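**Student:** First, the structure itself, so that you have it in front of you.
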Amino acid sequence: MHSLRRLFLFIFSTLILLALSLKIEELRVYQGAQIAIYALGISSIVLLTGYSGQVSLGNGAFMAIGAYTAALTQIHWHLPLFFTFVVGTFSAALAGALLGGGAARLSGPYLAGATLALAVGLPTLANQFTILNGETGLDYTSGTPPTWFGESFTLYKWFFWIVLVNVMLMMFFVRNITSSRYGRTWKALRGNPVAAQLSGIQVGGSKILAFTISAGVAGLAGSLLGMIGFVGPTGFGLGLSFALVTGAVLSGVTSLAGSMLGAVVLVAIPELASVIAHRLGDTERVTSNLPGLIMSTLLILTVLFTPNGPAEQIRKHKARKQ
Amino acid sequence: MQQAINALLIGISNGFIYSLMALALVLVWRSTRVINFAQAGQAILSTYIAYEIVTRTDNFILAFIGGLLAGALVGAVVEILLMRTLFKHVSDGPVAALAPVIASLGLLGLIRSVIGMVWGNDQKPFFPPVSTNGFTFGSTTVPFSRMNLLIVVGAATVMIIFTLIFQKSNLGLALRAAAFQPEIARLAGIRVGAIRTTGWIFAGAAGAVAGILISPNDAITPYSLDSLLIFGFVAAVIGGLESLIGAVVGGLTLGIGLSFILTYIGTSLIFPATFVVLALALIIRPQGLFGSKAARNA
């Protein structure tokens with residue numbers, strides 16, 4: 001019954017957001033789509049790090065796999081858009097399962113380094129295989145919105161609708177799985193691996209499952225990001241993985257709802273940076289580096305003052321008051 | 001045959017630089033149990049300072065020393081201002097345990113942005129102090145120049161000095177004690193905090209030397225040492241992450257191995273090849289060549 005209520009809540013909020021998009025500015029609609037995609041990308045990290053306790057600095061690489069496979073199936077097999085998302089999601093999940101098999105045997109620092117190596121290394125493959133079309137990247141489109149939506153229904157609105165529906169579907173799945181048996185298993189693993197193993201949890205299998213699902217979620221986010229932007233090595237490099245980790249840390253790593261907050265911050269930072277850069281005189285050096293500066297400063301300050309994540313800190317604070 | 005010798009020579013020269021980066025990562029890991037991703041940032045900052053000195057004074061030796069000292073200083077500042085606070089909370093919870101690693105990633109981003117603001121994101125030419133034309137023997141020219149010789153000699157000197165300090169002095173012993181049993185080390189009269197900072201200082205210097213030695217082959221940008229970080233990490237893992245000798249052997253193994261792969265299979269495969277080497281190292285010998293198995297789970 002509880003999950004039925006949750007389903008209605010998800011459908012209801014999706015409908016409201018879809019309706020809202022008809023009323024607001026074009027640029028904001030596009031940013032809305034970006035926020036939804038980042039939220040999905042961040043929740044892939046929350047699922048992995050916050051629930052199962054494994055670190056991944058390379059979820060940007062899974063997003064790249066999702067984006068590239070989705071784009072390739074559209075270009076070469078002319079699959080309908082929805083099926084390209086499915087392909088993107090599952091191929092990223094497959095890659096996640098492969099990596100997860102190795103990752104389950106590794107502890108923190110090794111895993112962090114290995115996934116970072118993946119995030120740096122994978123985008124360079126684009127220049128190695130002609131099918132991936134180098135720095136130019138691949139064309140991956142949503143197609144024009146259906147004509148019966150009317151003249152005023154722009155491409156950005158169409159982007160937003162596709163993105164939102166897919167993100168909400170996936171979020172619903174993620175939300176359910178984290179409150180299922182598997183979610184509890186992961187939490188037990190994170191809390192105390194030895195105790196979890198003693199109570200009959202398969203440590204390796206659960207860790208691999210978490211990695212697989214996390215990669216799949218990231219893969220969908222990547223396909224969507226490729227659709228509204230472009231599919232190329234520069235968009236899916238270390239910067240993306242870095243942004244996801246920042247977003248996850250800002251939103252508290254342990255809470256799925258917080259991923260929205262992290263996503264809003266990620267999209268807001270470039271806006272804020274351009275305002276400040278304008279005040280400082282818009283020199284090229286400042287405009288191109290200020291977003292990175294703000295983001296990394298925010299990241300450092302967050303871990304410095306709330307080492308357990310802001311959400312946890314607030315929870316503690318409340319507990320102390322009572 | 002000639003091709004194999006060339007591959008070996010390039011591999012040795014690169015391998016020494018990877019070893020230095022690996023050494024920096026191992027030193028930090030041994031003293032504070034953190035993989036310091038900001039090592040690439042600290043190294044590139046030191047390299048920019050060396051670049052600034054060399055363009056103003058045209059004296060490479062001065063620039064080398066200046067960069068090395070800057071690297072050491074940055075290492076100390078990072079440890080004292082940032083990491084020390086984070087380590088206090090490490091045992092607070094599962095997320096706090098990751099805080100130092102995440103902070104080091106943030107620091108990498110911060111240092112790059114600051115460099116970009118001060119020097120710009122464009123490529124800066126770092127002119128080599130000595131010839132980069134390969135030595136000629138009779139009619140054949142090998143891809144090993146005076147610059148490569150400088151790299152090997154410079155890196156080896158740093159390594160020998162470090163080895164002497166860590167194997168022959170009490171400092172090395174104190175560093176190991178502080179890493180493994182901080183409480184007991186403190187009871188034995190070791191100033192654990194100061195010892196940890198020392199580890200970061202040496203690491204900063206090693207990273208700086210790696211950056212200064214690798215850069216004259218190429219132009220520098222705020223991002224140009226990212227790949228070195230990955231190579232250094234892989235080299236450190238091959239060597240076992242615990243051992244200084246392991247870092248050197250790991251770096252040389254990786255350098256020579258990659259050089260052969262690039263010569264015989266294809267120059268564009270450098271990152272996939274690195275990842276394969278890392279995967280193989282973790283599968284075949286997860287504890288590393290010189291590490292103990294228990295260390296991996298520490």
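Just so you know, all these numbers are worked out from the coordinates, no wet-lab data involved. It should be emphasised that the depicted structure is a prediction, and the values quoted were computed from it without experimental measurement. Cβ: placed from backbone, ideal geometry, glycine included. Neighbour counts: every protein chain shown.
**Student:** Does region A:214-262 classify as rounded, prolate or oblate by the C-alpha gyration tensor (a ≥ b ≥ c root eigenvalues; a/c under 1.5 gives rounded; else a/b over b/c gives prolate, otherwise oblate)? Let's see the in-between values first.
**Tutor:** Numbers: a/c = 2.30, a/b = 1.71, b/c = 1.35.
Cα axes put region A:214-262 in the prolate bin.
**Student:** What translational D, rounded to a whole number of µm²/s, comes out for region A:47-95 from Stokes-Einstein when the hydrodynamic radius is the Kirkwood one over Cα pairs, at 10 °C and 1.306 mPa s? It would help to have the intermediate numbers written out before the result.
**Tutor:** Numbers: Rh = 11.5 Å.
Stokes-Einstein gives a translational diffusion coefficient of 138 µm²/s.
**Student:** Given the peptides A:224-236, B:273-285, arrange them by the average over their residues of other C-beta atoms within 10 Å, most packed first.
**Tutor:** Numbers: A:224-236: 23.2, B:273-285: 17.3.
Output ranking for A:224-236, B:273-285: A:224-236, B:273-285.
**Student:** Find the Rg to Rh ratio for region A:224-322, where Rh is the Kirkwood radius over alpha-carbon pairs and Rg uses the same atoms. Mind showing how you got there, number by number?
**Tutor:** Working: Rg = 15.8 Å, Rh = 15.0 Å.
Rounded to two decimals, Rg/Rh equals 1.05.
**Student:** Between B:TYR264 and B:THR157, what FRET efficiency follows from the Cβ-Cβ distance if R0 is 22 Å, with the result rounded to 0.05? Before the final figure, lay out each step's value.
**Tutor:** Working: r = 32 Å, r/R0 = 1.45.
The pair B:TYR264/B:THR157 has a calculated efficiency of 0.10.
**Student:** Any idea what angle helix B:146-168 forms with the longest principal axis of chain B, computed on alpha-carbon atoms, 0 to 90 degrees, nearest 10?
**Tutor:** Helix B:146-168 and the main axis of chain B meet at about 20 degrees.
**Student:** Report the relative contact order of chain A, percent, no decimals, based on alpha-carbon pairs under 8 angstrom and at least 6 residues apart. Mind showing how you got there, number by number?
**Tutor:** On the way: 467 pairs, mean separation 103.0, N = 322.
32 percent.
**Student:** Inside 10 Å of the C-beta atoms of B:215-227, what's the mean count of C-beta atoms belonging to other chains? The partial results should precede the final answer.
**Tutor:** Working: counts 0, 0, 0, 0, 0, 0, 0, 2, 3, 0, 0, 4, 4.
So the per-residue partner count for this stretch is 1.
**Student:** Considering all projection directions equally, how large on average is the shadow of the alpha-carbon convex hull of region A:2-236, in square nanometres?
**Tutor:** The Cα convex hull of region A:2-236, projected and averaged over all directions, gives 13.7 nm².
**Student:** Through the Karplus equation 6.51 cos²θ - 1.76 cosθ + 1.60, θ set to phi - 60°, convert the phi angles of region A:98-103 into ³J(HN,Hα) values in whole Hz; use x for Gly and Pro.
**Tutor:** Working through the residues one at a time gives 4, 5, x, x, x, 5 Hz.
**Student:** With a 10 Å Cβ neighbour count serving as the proxy for reagent exposure, in which order, fewest first, do B:ARG33, A:ARG28 appear? The partial results should precede the final answer.
**Tutor:** On the way: B:ARG33 17, A:ARG28 14.
By the 10 Å Cβ count, ascending, the order reads A:ARG28, B:ARG33.
**Student:** Kindly provide the helix-only [θ] at 222 nm of the protein assembly as shown, computed as the sum of -39,500 (n - 2.57) over DSSP H runs of four or more divided by all residues, to the nearest 500 deg cm²/dmol?
**Tutor:** On the way: 26 runs with 444 residues, N = 620.
Result for the protein assembly as shown, helices only: -24000 deg cm²/dmol.
**Student:** A further question follows. Averaging sequence separations of C-alpha pairs under 8 Å and six or more residues apart, then dividing by the length of region A:1-147, give the relative contact order as a whole percent.
**Tutor:** On the way: 92 pairs, mean separation 33.9, N = 147.
It comes to 23 percent, rounded to a whole number.
**Student:** Let me ask something additional. Given a cut-off of 37 Å, what percent of all Cα-Cα pairs of chain B lie beyond it?
**Tutor:** Working: 5663 of 44253 pairs.
Every Cα pair in chain B considered, those over 37 Å come to 13 percent.
**Student:** On to the next question. Please state, rounded to one decimal and in Å, the Kirkwood hydrodynamic radius that the protein assembly as shown gives when every pair of distinct Cα atoms enters the mean of 1/r. Provide the component values of the computation, followed by the final result.
**Tutor:** Values: mean 1/r = 0.0394 Å⁻¹.
Value: 25.4 Å, from the Cα pair sum.
**Student:** With N set to the number of residues, divide the alpha-carbon radius of gyration of region B:194-298 by 2.2 N^0.38 Å and report two decimals.
**Tutor:** 1.15
**Student:** Moving on to the next point. Between B:ASN170 and A:ILE276, what is the label-to-label distance in nm when each label sits 7 Å out along the Cα-to-Cβ direction?
**Tutor:** 4.7
**Student:** Another question, then. Among the listed pairs B:LYS88/B:LYS124; A:LYS157/A:LYS207; A:LYS316/B:LYS88; A:LYS187/A:LYS316; A:LYS318/B:LYS88, which have their C-alpha atoms separated by more than 28 angstrom in this model?
**Tutor:** Working: B:LYS88/B:LYS124 40 Å; A:LYS157/A:LYS207 38 Å; A:LYS316/B:LYS88 18 Å; A:LYS187/A:LYS316 18 Å; A:LYS318/B:LYS88 23 Å.
Table pairs above 28 Å Cα-Cα are B:LYS88/B:LYS124; A:LYS157/A:LYS207.
**Student:** How far is helix B:2-32 tilted, in degrees, relative to the longest principal axis of the Cα atoms in chain B, given as a value from 0 to 90 rounded to the nearest 10?
**Tutor:** It works out to around 20 degrees.
**Student:** Taking every residue in A:290-302, how many Cβ atoms of other protein chains lie within 10 Å of its Cβ, on average?
**Tutor:** Values: counts 3, 1, 8, 7, 3, 4, 12, 5, 1, 7, 11, 2, 4.
The shielding value for this peptide is 5.
**Student:** Give me the angle, in degrees from 0 to 90, between the Cα long axis of helix B:170-180 and the longest principal axis of the Cα atoms of chain B, rounded to the nearest 10.
**Tutor:** Taking the Cα atoms of chain B, the angle to B:170-180 is about 70 degrees.
**Student:** I would also like to ask the following. Where does each of A:176-187, A:43-54, B:191-202 land if you order them by average Cβ count within 10 Å, highest first? Write down the numbers at each step before the final one.
**Tutor:** Numbers: A:176-187: 16.6, A:43-54: 26.7, B:191-202: 20.3.
Put in order of decreasing packing, that is A:43-54, B:191-202, A:176-187.
**Student:** Starting from a Cα-only point model with no solvent, please compute log10 I(q)/I(0) by Debye for region A:29-115 at q = 0.11, 0.17, 0.19, 0.26 1/Å.
**Tutor:** The Debye formula, applied to the Cα set alone, gives -0.36, -0.78, -0.92, -1.27.
**Student:** In 5 Å bins starting at zero, report the fraction of Cα pairs in region A:1-80 per bin as a rounded %.
**Tutor:** In whole percents, the pair-distance histogram is 3, 11, 12, 14, 17, 20, 17, 5, 1.
**Student:** Averaged over A:117-128, how many beta carbons belonging to a partner chain fall within 10 Å of each residue's beta carbon? Don't skip to the end; give the middle numbers.
**Tutor:** On the way: counts 13, 4, 1, 7, 10, 3, 1, 7, 5, 0, 1, 6.
The mean count of partner-chain Cβ atoms within 10 Å per residue comes to 5.
**Student:** Give the Rg/Rh ratio for region B:121-172, taking Rg as the radius of gyration of the Cα atoms and Rh as the Kirkwood radius, to two decimals. Could the numbers behind the result be given before it?
**Tutor:** Working: Rg = 16.8 Å, Rh = 13.8 Å.
For region B:121-172, the value is 1.22.
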